[in-house]
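Below: the structure, in structure tokens.
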Amino acid sequence: MKKKLVSAVMCLAMVSSVLAGCGSSAATGTSAGASAGTSTGAAASSDAAASTQAAADTSASTAGAGKVYYLNFKPEADEQWQALAKTYTQETGVPVTVVTAASGEYETTLQSEMAKSDAPTLFQVNGPVGLKNWADYCYDLSGSDIYKQLTSDNYALKGDDGAVDGIAYVIESYGIITNKTLLKKAGYTTDDIQSFADLKKVAEDITARTKDLGFAAFTSAGMDSSSDWRFKTHLANLPIYFEYQQDGITSSPAIKGTFLDNYKNIFDLYINNSTCDPKELSSKTADDSRNEFLDGKAVFYQNGSWEYSALSAKYTDDELAMIPIYTGAGDEAKQGLCTGTENYWCVNKNASEDDIKATLDFMNWCVTSDEGTKAMANDMGFTIPFKTAQASPNVFVKQDQAYTAAGKTPVSWNFTTMPSEEWKNTLGSALTAYAAGTGSWDDVKKAFVDNWATEYKLANG
């Protein structure tokens with residue numbers, strides 16, 4: 001497998017020299033965390049990572065032989081991981097290098113870094129589909145201290161042989177982030193939005209009065225590579241979820257597209273009631289969308305709990321809310337936020353024994369120590385599925401918990417069953433063409449349904 005990987009990476013390197021910046025949309029097949037923020041590419045070795053390594057090197061004399069190299073999937077948490085790594089090194093003397101892949105570039109970066117002699121000791125996969133590519137690299141975590149800290153075995157990612165190949169380290173939610181102040185100016189509250197029909201009524205009313213109100217309903221649904229994952233992955237999760245629920249399944253080699261009309265409902269609402277003309281979406285970025293929300297140009301912004309840190313710098317908790325993504329499907333009265341994970345830690349079994357031990361110790365420290373749990377809860381805004389977790393101050397996390405406590409059912413993250421990155425990219429292209437008026441919704445349906453079966457066969461033989 002190593003020879004094949006090295007060969008593949010050599011080809012990738014040649015292509016990358018021509019197509020710099022091109023990449024997929026998420027870690028090992030998806031993107032929750034690669035959502036936004038300033039990122040640093042691993043190939044270039046970020047300044048922050050370099051400074052962390054320098055700090056580690058100065059303390060290495062007091063440490064054992066082991067070291068940690070963490071290839072981080074979440075660009076929005078890069079600064080926080082760099083700081084936490086530095087703290088750990090200062091306390092233990094163990095060198096910890098954190099390198100963060102650029103948004104949308106994780107899988108490409110992981111392939112490149114794993115081919116090196118000094119490969120990551122700690123990396124990430126998105127779930128069962130992503131694990132298929134990297135199962136041969138995963139150390140069995142079943143006897144580890146961090147595995148014993150999990151609050152539920154449901155957060156362990158197991159291979160075909162029953163080994164614990166990965167451990168979920170963060171639970172997140174996404175939905176429609178709402179500026180409650182602007183919504184109130186438009187004459188509404190979040191209590192007025194309990195269904196797709198409600199959301200449509202409010203959004204279209206705001207659009208009709210945009211000139212007088214001074215703001216739009218939705219931020220731009222950016223369809224460039226930094227932003228399209230929100231719609232080809234996260235939004236596309238909704239029709240998959242409802243189909244799986246209806247059919248009583250958790251995965252499928254073929255998708256029927258039963259709820260694609262509902263997918264169209266919400267996508268049309270986004271693109272026809274936003275800050276820009278639908279034809280402009282292909283060039284709109286994740287930063288554009290976030291900045292439009294920060295600047296008070298729109299009431300609604302589809303994104304996740306990982307955006308809290310950026311948004312809380314401008315808004316108080318009382319000004320922010322996250323409401324479910326209603327599409328007109330299912331029992332909307334009982335629908336909660338989309339909650340789950342695509343962030344599983346895996347330890348590289350090909351690393352040295354010393355490095356594996358150092359990596360396991362670092363992981364366990366992150367989820368058990370005061371410094372680690374405070375950083376993950378307060379600085380990163382994470383909900384972590386470990387016994388020693390601290391309550392997150394993240395208002396979106398609190399709202400997800402409130403929805404669940406009120407009897408709402410969280411929408412599970414079924415996008416981890418999407419057959420391939422190519423499937424998502426094809427869907428994203430079809431959505432972009434549809435928004436621009438150069439493609440039809442039938443093209444979107446074909447990309448969704450026909451290409452699912454095709455890509456599944458390619459991935460599974």
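The values are calculated or read from the model by the stated rules, or taken from the named source; none is laboratory data. Treat the numbers as computed from the prediction; the structure is a model and nothing was measured. Cβ placement follows ideal geometry from the backbone for every residue including glycine, while neighbour counts extend to all protein chains displayed.
Out of all the residues in region 311-319, is one or more crowded, with 18+ Cβ neighbours inside 10 Å and closer than 30 Å to residue 434 by Cβ? Yes, some residue in region 311-319 is crowded, with 18+ Cβ neighbours inside 10 Å and closer than 30 Å to residue 434 by Cβ. Yes or no: region 96-108 includes at least one residue that is buried (at least 24 other Cβ atoms within 10 Å of the Cβ), part of a helix (DSSP H, G or I), touching a Ser or Thr at 6+ places or on another chain (Cβ under 9 Å) and modelled with pLDDT of 75 or more. Scanning region 96-108 turns up at least one residue that is buried (at least 24 other Cβ atoms within 10 Å of the Cβ), part of a helix (DSSP H, G or I), touching a Ser or Thr at 6+ places or on another chain (Cβ under 9 Å) and modelled with pLDDT of 75 or more. In region 417-444, the residue that is nearest to the chain's Cα centre (by Cα) out of those that are surrounded by fewer than 18 Cβ atoms within 10 Å (Cβ to Cβ) and touching a residue at least 60 places away in the same chain (Cβ under 8 Å) is 425. Pairing residues of region 247-263 that are under 18 Å from residue 412 (Cα atoms) and at pLDDT 95 or above with residues that are of a type in the set (Val, Ile, Thr) and not in a loop (DSSP other than H, G, I, E, B), at Cβ distances under 7 Å and at least 6 apart in sequence or on separate chains, gives 255/240; 255/449; 257/449. Residue 414 meets the conditions (1) farther than 30 Å from residue 277 by Cα; (2) surrounded by fewer than 17 Cβ atoms within 10 Å (Cβ to Cβ); (3) of a type in the set (S, T, N, Q) in every case but one. The failed one is (2). Could you grab me the full set of residues in region 271-301 that are polar (S, T, N, Q), surrounded by fewer than 22 Cβ atoms within 10 Å (Cβ to Cβ) and at pLDDT 95 or above? The answer is 272, 275, 291. Residues that are under 19 Å from residue 170 (Cβ atoms) and in contact with a strand residue (DSSP E or B) (Cβ under 7 Å, 6 or more places away or on another chain) do occur in region 86-93. Counting only helices (runs of 4 or more DSSP H) that sit completely within region 112-195, those holding 2 or more residues that are modelled with pLDDT under 95 correspond to 128-134. Close Cβ contacts (under 7 Å, 6 or more residues apart or on different chains) running from residues in region 400-414 that are more than 18 Å from residue 235 (Cα to Cα) to residues that are surrounded by fewer than 16 Cβ atoms within 10 Å (Cβ to Cβ) comprise 407/334; 408/334.
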